[in-house]
Amino acid sequence: MGNPKAFLTIPRQEAGYRPIHERINDYSEVEQTLNTGERKLQASRCMDCGVPFCHWACPLGNRPPEFQDAMYKGRWKEAYEILTRTNDFPEFTGRICPALCEKSCVLKLSFDAPVTIREDEAAIIEAAFREGYVVPKQYERNGRRVAVIGSGPAGLAAANQLNRRGYEVTVFERDEQAGGLLRYGIPNFKLGKNIIDRRLRIMEAEGITFQTGSEIDLAHLPEGFDAYAVCTGTPQARDLAIPGRDLAGIHFAMEMLAQQNRVLAGQTFDKKERITARGKHVLVIGGGDTGSDCIGTSHRQGALSVTQIEIMPQPPVGHNPATPWPQWPVVLKTSSSHEEGCTRRWCLNSNKFIGKNGHVTGVEVEEVEWLPAPEGGRPVMKPTGRKEVIQADLVLLAMGFLKPQLPVLPKNAVVAGDAATGPSLVVKCIAAGRRAAEEIDRSLTPPAPLSKGRGGEG
C-alpha cells in the first residue's frame, strides 16, 4: 500500500461523460478518461483493507487492492498481470460492468465515495494494449478438441481458458460476426466494437477458430469434439400479450439495438425493415439496462420524445435499508442515456395498445399499487382504475428475457452463462465461462496416479 492516507486527502474523481450536446450526435463511447497522473491518484485511494469486500463482491474474484497498488506505483505491466489472472477481458468489464466491487468498497460505506475500481481496471488494460503488453501467446496442444456454442462473454471466456489449457477450440456463432451480446446487444456508445475486434484478433492469433453464421441444433451437436461448452445466452425476450400487440411500430428492444449496431457496421436495411425513432414519440416499456440503451439509441436516431415506464415502484434514492452494504444496493439508477432526456414513470401496467391504420399511436396504461403479500414473498399488484393513454409512434419492449429451455444434452456438454441461469451480467457470464472451462478440463484430464510408499502402501 503506497499511500495509506490517500483516501483522507484525495476525493473520488470520475472521468465522467462527454457533454450531452456533443455525444447525442454520434455513437462513440460516452465515457471519458482521466490522464495517467489523475488515474494513479485515484488508485492510491484504495485502503488495502484487511478484509477486502471488493474481492467478495466480484464474480471473477478480481483483486483490486493488488492491481491498484501496482498502478499507483507506476508498475503498469504488473498491474496488468494481476488483473488478467482473474479477468479474461478487462476491456469489456472496465466499460460495462456495474461495478459490484465498488458498491462493497469500505469507502462506499464510510464516505459514499468508493475507489474508482472499474475505471482503474479500464485504464490498466488500455495501457497494456498501448504499451504492447498484450501479445498473442502459443500454447502446447493436448490433442483434444472442444466446441464452444455461442460467442458472447461466457463463450469467449470459456474458449479463452480452454485454449490456454491446450485444447483445440472452435467457437460456433449463429450471427455474421462473433461477440454475441457484446456486439449486437450493447450500443456502441457504451462499448465500441473495435474493442471486441481487437480482442478477437488476439484470440485467433492464439489458435482459436471462429465459425460465424453457424446455427447449431443443440439436439444434434457437431461431431468430432471431446466436449462442448453451451453458451447460447437468452435469445427469447419477454413479450407483452395484450390487445393491439400486432400493430406495426411495436418491437422488442433487441431488434432495434441489434439492427442499429449492424447499421453502424455498414449493413443496409430497406425502409420497411428499418426500426428508427427519427421524428417519433418513443415509449420504452421496462426500466432496466436494456431499456436505458433504447433511450440512448432513440436520442441518437432523432426521437421527438422518449418515455420509459416500469410496472414496479420507483427504487429509493441513494440508500435502501433493504439492501445494506456490502450488498448490491437496489436504488434509483440514472444512466448516461437518462441524463440525455427521458420521462421516467413507475407503477404503470400496460392494458392495451392503441392504433390507427394498423400502426401504433399509443398505449393505455393503468396505475397500480404493490401490497405486501399476506404470508410474505412477492408483493401483490393491485390495479387502481386510474387509466391514461401515453402517446407513442414507436414502442420498444424491454422487459427482460426468458430462461431458455434446452434439450437433453450429452454428458460431455457443459452449459454456462445466461443459457444456464437466465439473464445476468456480463461479468457473471465471464466468470461462468471460466468455470465451464475448468469443469471441462477436469472431465477430460485423467487423474494423476497415486504414488506408493514403502512396502506398496499408498
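For the reader, a short list of remarks on this structure follows.
- Residues of the stretch 415-451 satisfying the condition of being closer than 21 Å to residue 179 by Cβ, buried (at least 23 other Cβ atoms within 10 Å of the Cβ) and aliphatic (A, V, I, L, M): 416, 419, 426, 427, 430, 431, 432, 436, 437
- Taking (1) touching a residue at least 40 places away in the same chain (Cβ under 8 Å); (2) out of contact with any His (no Cβ under 9 Å at 6 or more places or on another chain); (3) farther than 24 Å from residue 401 by Cβ in turn, residue 365 satisfies each apart from (3).
- Search result, residues across the stretch 305-336 that are touching a His at 6+ places or on another chain (Cβ under 8 Å), part of a loop (DSSP other than H, G, I, E, B) and free of Cβ contacts under 8 Å to residues at least 40 places away in the same chain: 331
- When 300, 274, 278 are checked against the criterion of being of a type outside the set (A, V, I, L, M, F, W, C), in a helix (DSSP H, G or I) and surrounded by fewer than 23 Cβ atoms within 10 Å (Cβ to Cβ), 300 stands alone in meeting it.
- Elements of type strands (runs of 3 or more DSSP E) contained in the stretch 196-254, each with 3 or more residues being among the polar types (S, T, N, Q): none
- Hey, residue 154 within 30 Å of residue 32 (Cβ to Cβ), touching a Cys at 6+ places or on another chain (Cβ under 6 Å) and crowded, with 24+ Cβ neighbours inside 10 Å or not: yes
- Only a single item in (1) buried (at least 22 other Cβ atoms within 10 Å of the Cβ); (2) under 23 Å from residue 264 (Cα atoms); (3) assigned by TED's automatic domain parsing to the domain that holds residue 412; (4) touching a helix residue (DSSP H, G or I) at 6+ places or on another chain (Cβ under 7 Å) is not met by residue 185, and it is number (1).
- Boolean, residue 117 is without any contact (Cβ under 8 Å) to a residue 24 or more places away in the chain and either buried (at least 22 other Cβ atoms within 10 Å of the Cβ) or touching a strand residue (DSSP E or B) at 6+ places or on another chain (Cβ under 7 Å) (or both): no
- Any hit, the stretch 397-419, residues being part of a helix (DSSP H, G or I) and either acidic (Asp, Glu) or at pLDDT below 95 (or both): yes
- Hits in the stretch 37-83 (condition: farther than 26 Å from residue 328 by Cα and either in contact with a Ser or Thr (Cβ under 7 Å, 6 or more places away or on another chain) or in contact (Cβ under 8 Å) with a residue 60 or more places away in the chain (or both)): 72, 73
- Residue among 250, 285, 295, 208 that alone is surrounded by 18 or more Cβ atoms within 10 Å (Cβ to Cβ), of a type outside the set (S, T, N, Q) and out of contact with any helix residue (DSSP H, G or I) (no Cβ under 8 Å at 6 or more places or on another chain): 250
- Number of positions in the stretch 162-186 that are under 27 Å from residue 298 (Cα atoms), outside any loop (DSSP other than H, G, I, E, B) and touching a Phe, Trp or Tyr at 6+ places or on another chain (Cβ under 9 Å): 1
The values are calculated or read from the model by the stated rules, or taken from the named source; none is laboratory data. From a predicted model like this one, the values you see are computed outputs, not experimental measurements. When we count neighbours, we look across all protein chains shown, and the Cβ atoms used for this are built from the backbone with ideal geometry, even at glycine.
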